[in-house]
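Below you'll find the structure, written out as structure tokens, and then a few comments.
The values are calculated or read from the model by the stated rules, or taken from the named source; none is laboratory data. Everything quoted here is computed from the prediction, not taken from an experiment. For neighbour counting, all protein chains shown are included, and Cβ atoms are generated from backbone atoms with ideal geometry for every residue, glycine included. Calculation scope for accessible area: heavy atoms of the full protein, side chains included, ligands and nucleic acids excluded. Shrake-Rupley method; radii C 1.70, N 1.55, O 1.52, S 1.80 Å.
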Amino acid sequence: MEALGLAAGALTLLAILLLTQFMKVRGAARRLPPGPPPLPILGNLWALNFTLHHESLVQLTKKYGNTITVWVGQSPIVVVHGYEAVRDALVTSSEATNNRPLTPSLKDYAKDRGVSFSNGNTWKQQRRFCVMVLRNLGTGKKTLEQRIQEEARHMVKHFTSQQGTPTNPFSLIECYVSNVISSVVFGHRFDINDSSFHQLIEDAGYITYFLGSVWSQVHNAFPWLARNFLGPTKTLNAHVERINIYVKKEIKEHQEKPESEPEDLIDFYLDQMLKNKGDKESIFDDANLFQLVIDFFIAGSETVATTLMWALLYMIKYPDIQAKVQKELDFVLSDSQTICYEDNKRLPYTKAVIHEIQRHCNLVPLGVPHQCGQHTTIQGFNIQKGTIILANLSSVMYDPKYWEEPQQFNPNRFLDEDGKFVNQKAFLPFSAAFWWWQTRLQVEEGTN
């Protein structure tokens, strides 16, 4: 009887705790944009099959509107859909929403370091440093464009050597694209058969997979259990540690080489660390350098390689479009063996095809989460400081208000009646940063 009494008491206490939590969540939900009612502990994870999939989120907009709230465990996320709502959240309200949320999975992975998942002074200083490095590499002895051209020549030579035999192009494309980042970060390229190079690519690939997978959402909902018992979380930590070990080796080699002008990211970073030596508040240290290397690899290799793979698939599926691209390249470039960035102004159809590939393949359907650093208003809803904002970029790239027959692959949507390339304001392949770069390029080209 005593055991039954204890069990009944425990169940009663559990029921009270669950009810209290449920009422707390429901009270918070009333101050947020509409959305499906959250369950205690799980939130909306059960209804979303434990993952935030862009198509599932679009289905919710039919009932709740273009600005909705979904709950990952006990954490609310405001999801914006369509061009107007996404622009309002990421551009109009950018001063309020430019922070990165330190969810448990991101906190355990990046620890508020690097540039992709950091905030405040760390983000500002690391971002300023990255811009400086890329600017210097763009005008140095060996420019970034030359590094890309070199890898393109290696890739073409390798494919030519296959003499038409069946091959999986993705691994090769991934290697040559990653070699561009390797040249930027380490100052050298790898042989494509180098096992350490393939390990780096595998490590970066797993990190990308984990952060976009259901395991990341489980980690966010149940961080303690994930840290101690979730296999994919432990695998993530192993991949991060392996990259750090390799970077330590590269740093040692950079420190031991004869003193010279900086030629890569590690060189510049070590110089910055030396300049800040003795500054106890400096954020330039080994830990931030390790994270920055991972950020560069993920941002500069995985997305580019996957986009190129999609480009090959689209050209295979649409041979008539492939033929038009080849005809334009042959006519404009003539006998030139090297294509440069400036040539894009003379290749309107090719440029249109590249843009349509990025729009249609929908490579990044959900942008990187943002977090409100201050109170703001999005689409008429009051959003409190600390709220996580997620942009459904897929809903922008397929928004029927701005794209006629968006499901169709049609490069002509980026051309005017005279065949000249025209930008489309709802073209948003990589979040709000693309709007900024597109505006800047338009200004620069207008002044030339």
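Result for the chain in a Gaussian network model with C-alpha springs under 10 Å: among E250, E342, E150, the largest mean-square fluctuation is at E342. Using every pair of distinct Cα positions in region 35-94, the Kirkwood expression returns a hydrodynamic radius of 11.9 angstrom. Looking at the chain, what % of its DSSP beta bridges pair antiparallel, to the nearest 5? Roughly 75 percent of the DSSP beta bridges within the chain come out antiparallel. Using C-alpha pairs under 8 Å with a sequence gap of at least 6, the mean separation divided by the residue count of the chain gives a relative contact order of 20 percent. Radius of gyration over Kirkwood radius for region 202-298, both on Cα atoms: the Rg/Rh ratio is 1.08.
Sorted on the mean count of surrounding Cβ atoms within 10 Å across their residues, most packed first, peptides 419-427, 32-40, 84-92, 252-260 read 84-92, 32-40, 419-427, 252-260. Between P429, P319, P348, the residue with the greatest mean-square fluctuation in the GNM of the chain (Cα pairs under 10 Å linked by springs) is P319. With semi-axes defined as the square roots of five times the eigenvalues of the C-alpha gyration tensor, the equivalent ellipsoid of region 124-180 measures 32, 14, 4 Å, largest first.
For the chain, the longest principal axis of the C-alpha atoms and the axis of helix 169-186 are separated by about 90°. Taking each pair of distinct Cα atoms in region 295-393 once, what is the resulting Kirkwood hydrodynamic radius in Å? Evaluated over region 295-393, this radius sits at 16.8 Å.
In the distance distribution for the chain, Cα-Cα pairs more than 33 Å apart total 44 percent.
Against the chain, whose longest principal axis comes from its Cα atoms, helix 348-361 is set at around 20 degrees.
Count neighbours as other Cβ atoms within 10 Å of each site's Cβ, and list the chymotrypsin sites (Phe, Trp or Tyr not before Pro) in region 269-346 that are DSSP loop with at most 14 such neighbours. Nothing satisfies the criteria. Per residue, the chain exposes 54 Å² of accessible surface when a 1.4 Å probe is rolled over the protein heavy atoms with every protein chain present. Taking a straight line from the alpha carbon of K111, these lysines sit under 30 Å away, with near neighbours fewer than eight places off in the same chain left out: K24, K124, K234, K248, K249, K252, K275, K277, K280, K385.
Just L236, L274, L144 to compare: in a GNM of the chain, with alpha carbon springs under 10 Å, which one fluctuates most? For the chain, modelled as a Gaussian network with Cα springs under 10 Å, the answer is L274. Once the Cα atoms are used to define both axes, helix 303-317 deviates from the longest principal axis of the chain by about 70 degrees.
Using the Cβ-Cβ distance between S94 and V422 with R0 set to 41 Å, the FRET efficiency works out to roughly 0.95. I need the shape label for region 302-342. Rule: rounded when a/c is under 1.5, else prolate if a/b > b/c, else oblate, with a, b, c from the alpha carbon gyration tensor. Oblate, because a/c is 1.5 or more while a/b does not exceed b/c. K234 exposes around 110 Å² of accessible area when a 1.4 Å probe is run over every protein chain in place.
A P(r) calculated from all alpha carbon pairs of region 69-117, with 10 Å bins opening at zero, reads 22, 41, 35, 2 percent.
With only the Cα atoms considered, region 43-163 has a convex hull volume of 213 Å³ per residue. Here K257 is the anchor, and the aspartates and glutamates within straight C-alpha reach of less than 12 Å, apart from those fewer than 8 places off in the same chain, are D267. In whole percents, the pair-distance distribution calculated for region 84-236 from its alpha-carbon pairs, binned every 10 Å from zero, is 9, 25, 31, 26, 10, 0.
Note on the chain: helix-only mean residue ellipticity at 222 nm, from DSSP H runs of 4+ residues weighted -39500 (n - 2.57) and normalised by residue number, equals -18500 deg cm²/dmol.
Taking only protein heavy atoms and a 1.4 Å probe, the accessible area of the chain is 57% carbon and sulfur. Among L428, L312, the order of accessible area from largest down is L312, L428, computed with a 1.4 Å probe on protein heavy atoms.
Cross-link partners for K351 among the lysines, with Cα-Cα distance under 26 Å and sequence neighbours closer than 8 places in the same chain left out: K142, K157, K317, K324, K327, K401, K420, K425.
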